[in-house]
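The values are calculated or read from the model by the stated rules, or taken from the named source; none is laboratory data. Model, not experiment: these values are computed from the prediction. A quick note on method: Cβ atoms are made from the backbone with ideal geometry, for glycine too, and the neighbour counts reach across all protein chains shown. Heads up: the accessible areas ignore ligands, DNA and RNA and are worked out on the full protein's heavy atoms, side chains in. Shrake-Rupley method; radii C 1.70, N 1.55, O 1.52, S 1.80 Å.
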Number of protein chains: 2
Amino acid sequence: MNSPDETIVALATAQGVSAIAVIRLSGKDSIELAQKIFKGKDLTTQATHTIHFGTIHDGDRNIDEVLVSLFKAPNSFTKENSVEISCHGSPVIVKEIIKVLLKHGARLATPGEFTKRAFLNGRFDLAQAEAVADIIVAETDNARQAAFNQMRGGFSKEIQHLREELIHFASLIELELDFGEEDVEFAKRDDLKKLIHQIQTYLRSLIHSFDLGNVIKNGVPTVIAGKPNAGKSTLLNTLLNEEKAIVSEIPGTTRDVIEDEMLLGGISFRFMDTAGLRETTDIVEAIGVARTYENLRKASLILYLFDLSQSSLDEMYKEEEAIKKLNVPYIKVGNKIDRADAATIKQLEADGFVLISASQKTNIQHLKDKILSHFHIGEVKQGDVLVTNLRHYQSLKQTNDALDRVLGGMDSGITGDFLAMDIRQSLHYLGEITGQVTTDDLLDNIFSKFCIGK
Amino acid sequence: MNSPDETIVALATAQGVSAIAVIRLSGKDSIELAQKIFKGKDLTTQATHTIHFGTIHDGDRNIDEVLVSLFKAPNSFTKENSVEISCHGSPVIVKEIIKVLLKHGARLATPGEFTKRAFLNGRFDLAQAEAVADIIVAETDNARQAAFNQMRGGFSKEIQHLREELIHFASLIELELDFGEEDVEFAKRDDLKKLIHQIQTYLRSLIHSFDLGNVIKNGVPTVIAGKPNAGKSTLLNTLLNEEKAIVSEIPGTTRDVIEDEMLLGGISFRFMDTAGLRETTDIVEAIGVARTYENLRKASLILYLFDLSQSSLDEMYKEEEAIKKLNVPYIKVGNKIDRADAATIKQLEADGFVLISASQKTNIQHLKDKILSHFHIGEVKQGDVLVTNLRHYQSLKQTNDALDRVLGGMDSGITGDFLAMDIRQSLHYLGEITGQVTTDDLLDNIFSKFCIGK
């Protein structure tokens, strides 16, 4: 429906009162359109990547003094002619300027439409386009770096390369079909197997990276569990308060405070309020209760708190047996270390317990180190390729499964036409990741989640 | 304390997740500083008003792909070298970029520091600098236009011109003093009087414009009053609901919804919750109660509601007598028109009552027109000079008073030295408006109210 000839317009900066706001225009006529409402130099004769001071007017009404930046196709984000109007950061001014642009023929951009145009015009592939959205919402520096790497290319090139090789084989096999009864074999089956193994090795490393990528992008749902009075709330407060004390020192960059979230080593740990769990008076007794069990299963990490002042060693080992059955990574934390005797402490340390005092804040850093060690992560570095996007992860798995079928088919000696079909299926899933295979629905679904102006 | 040689940095756009964010740098070394963290072209050799694509890095860590805009002194807002970094609109990225800039020697800008530098470097006078802050927070298009006109010069030039003529007289009079006993008169007293009359005529028109300017900038505190069950709440809801139904159609430009505010003809009417008033069961009886009286006195407009279904004509006229004494502009509104007879309606209309039905929404537009007619305002136009700033208003009044003293002094034949002192006093107040006379305290007070990044 939307013609690329249309000039689209949107506010590109965050809304609110501020020093400046930037309104973005894109489309082949965008510079001519801007000229119609601009008093100053003739924008249509200026070079790309230049900035011009002037006044935006609506007939004889001056709206604001602005700076206009020009970007000429193909040297713009969208690869179309583009204009950025930098005005005073007032919602009233932004509205008036957009209104006069609409009056002269622009239309409001839909969410993600600038990036969609950039994708459709070949600036980057779909996975890179999605990284543009991810980098904006990244809540930690690691998430930012992972998105940045993906935006810069990440796995795109390698996947495109492997896909091309697979297409080559698919073509050869389809060529064989044309020869029908002649029993020719243009596509050497051994070479095909080798290629598929190569592709699968790469796919599996990407699939595997999603464990970490997902943690970096979405954080770790964490539960603090333990018997009543083991000190669960005290520990939660101790962990969160340290976090809250770190106030962002640079104005305008404070993250919205998220209840019950702790940033640790570039990962966010979201403490889940497992209501069902909290209501249960004894986690061990209640382990059979379906709801509590479900709550714990949703966690990616359990901090299980033992009360050193109440439980004997035997009791604690019995508790641990129950936790093990949950099949969720857990850390054994012995609380109230100040009330345990030396022998118990020695024994528990030997058994891998982290011994703390939540109320006296003893050994909290050690606990944090232990939490982090569950996620084999340092800083995400330049060029590290991590899959962070659930859509990519699913397509990668689907590709891998389809390739398994190709291999299985070859082993069981299926005919070329079925083989070709399975390969085409793999190519389809692989192409969905980078956007070489798309549907309007897929694109709409992806870009509608973008913010307006992006 | 702050050296203009320092490079200052701040986020210039609103905070929050968005397509792009703009970080602003100013100071003589700002371009060299940006170059230190930029991979791309050599920024230091590029022309002013050009835009360059590249990557912001912190050592071997790439932070984001950005566009860097260069402004070379004196062709920038601050008249210093300036750089704008347009990055992805993520608080994490903004923070990382500002951090690396700080690491290389920039410092965080204080509120309004960019505009303060622009003022100190002679870009505009103080009244114009203040208009920059006003235009950002303007909540209506009229307020925006009034601020725009002031930013464009407004009364600045005229005041500066009149001040210079007055300075000329002051110098002549001071010269007379040097001649001591000789009884010379360099400054012709008649010409001085003429000038002062001319200045006062201008000042008075400005002082007078503050009534409207203040209304445009700050809105009209409005009270709906009347006897219990006259329909006050119903009318308030009717007026407000129509307003709330008008949802801003352009994303990113929605004003924060302000409780109990109605925009009418470019003016905001803020309905005051006069708690004292609402508690009073009978406004007329309670008129003597100090607190209610005070609440009503704070209003700039009273919509006084008469209950046509309950009160007789005589009672209504008696009520009006009480309202008159408040000495606040009021509109007589007869509510429940559907329950009044034709004769009463005819009589009340003749007496200037606005007759409505708040519940049935009858004649509401007529009431709105009547409300607006109390403020003789159409659109604020290009070049209209309005005083909207309380500080300017006060300085104008002080100037005018000091000039009265000069005239009075001349009439009573005071000596030249006293005359010179009064003229100097006028010059001082006049100079404060445009910033030709400033103190650090005055500047700090003005600019500290700006937002950061402006």
Selected residue (only one of A:K381, A:K397, A:K368 is open to solvent by 70 Å² or more (accessible area, probe 1.4 Å) and modelled with pLDDT of 90 or more): A:K397
Count of the range A:163-206 residues which are part of a loop (DSSP other than H, G, I, E, B) and out of contact with any Phe, Trp or Tyr (no Cβ under 7 Å at 6 or more places or on another chain): 6
Residue selected from the range A:384-394 under the condition touching a Phe, Trp or Tyr at 6+ places or on another chain (Cβ under 7 Å) and not in a helix (DSSP H, G or I), by the criterion modelled with the lowest pLDDT: A:V385
Filtered residues of the range B:207-235 (kept if over 26 Å from the mean Cα position of the chain (by Cα) and either free of Cβ contacts under 8 Å to residues at least 12 places away in the same chain or in a strand (DSSP E or B) (or both)): B:A225, B:G226, B:S233
Where A:L263 falls short, out of the listed (1) at pLDDT below 85; (2) open to solvent by 20 Å² or more (accessible area, probe 1.4 Å); (3) within 30 Å of A:I159 (Cβ to Cβ); (4) not hydroxyl-bearing (S, T, Y): (3)
From the options A:K103, A:K99, residue that is more than 8 Å from chain B (Cβ to nearest Cβ), out of contact with any His (no Cβ under 8 Å at 6 or more places or on another chain) and basic (K, R): A:K103
Of all residues making up the range B:130-146, the number that are charged (D, E, K, R) and open to solvent by less than 10 Å² (accessible area, probe 1.4 Å): 1
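Does B:I37 fit the bill of being at the interface with another protein chain (Cβ under 8 Å from one of its Cβ atoms) and more than 30 Å from the chain's Cα centre (by Cα)? Can you show your working first?
On the way: at the interface with another protein chain (Cβ under 8 Å from one of its Cβ atoms): no; more than 30 Å from the chain's Cα centre (by Cα): yes.
No, not satisfied.
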B:S357 under 30 Å from B:F306 (Cβ atoms) and at pLDDT below 90: no
Those residues of the range A:358-375 which are in contact with a strand residue (DSSP E or B) (Cβ under 7 Å, 6 or more places away or on another chain) and not charged (D, E, K, R), in sequence order: A:A358, A:N363, A:H366, A:L367, A:I371, A:L372, A:H374, A:F375
Close pairs from the range A:78-95: first more than 12 Å from every other protein chain (Cβ to nearest Cβ), partner part of a loop (DSSP other than H, G, I, E, B) and buried (at least 24 other Cβ atoms within 10 Å of the Cβ), Cβ under 6 Å, at least 6 apart: A:E80/A:G27
Counted residues, the range B:417-446 - those being assigned to a helix (DSSP H, G or I) and either open to solvent by 20 Å² or more (accessible area, probe 1.4 Å) or of a type in the set (D, E, K, R) (or both): 14
Residues being within 12 Å of the chain's Cα centre (by Cα) and within 10 Å of chain B (Cβ to nearest Cβ) - total across the range A:132-171: 17
Qualifying positions in the range B:318-343 - open to solvent by 20 Å² or more (accessible area, probe 1.4 Å), assigned to a helix (DSSP H, G or I), in contact (Cβ under 8 Å) with a residue 24 or more places away in the chain and farther than 22 Å from B:T238 by Cβ: B:K318
Residue within the range A:236-248 that is part of a loop (DSSP other than H, G, I, E, B), among the hydrophobic types (A, V, I, L, M, F, W, C) and within 14 Å of chain B (Cβ to nearest Cβ) present: yes
In the range B:190-213, the residues that are at pLDDT below 90 and open to solvent by less than 60 Å² (accessible area, probe 1.4 Å): B:L212
Top-ranked residue of the range B:58-76 - restricted to ones that are surrounded by fewer than 23 Cβ atoms within 10 Å (Cβ to Cβ) and not in a strand (DSSP E or B), ranked as farthest from the other protein chains (Cβ to nearest Cβ): B:A73
Number of positions in the range A:97-124 that are under 24 Å from B:L11 (Cβ atoms), more than 21 Å from the chain's Cα centre (by Cα) and surrounded by fewer than 24 Cβ atoms within 10 Å (Cβ to Cβ): 1
Residues within the range B:29-47 that are among the β-branched types (V, I, T), crowded, with 19+ Cβ neighbours inside 10 Å and over 18 Å from B:L11 (Cα atoms), tallied: 0
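Conditions (1) in a strand (DSSP E or B); (2) closer than 27 Å to B:F114 by Cα, marked per residue:
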site: A:G16; (1), (2): no, yes
site: A:A19; (1), (2): yes, yes
site: A:E32; (1), (2): no, no
site: A:Q35; (1), (2): no, no
site: A:K41; (1), (2): no, yes
Members of the range B:1-28 found to be of a type outside the set (G, A, S), crowded, with 17+ Cβ neighbours inside 10 Å and over 12 Å from B:A109 (Cβ atoms), listed by number: B:T13, B:Q15, B:V17, B:I20, B:V22
B:T50 within 9 Å of chain A (Cβ to nearest Cβ) and surrounded by fewer than 24 Cβ atoms within 10 Å (Cβ to Cβ): yes
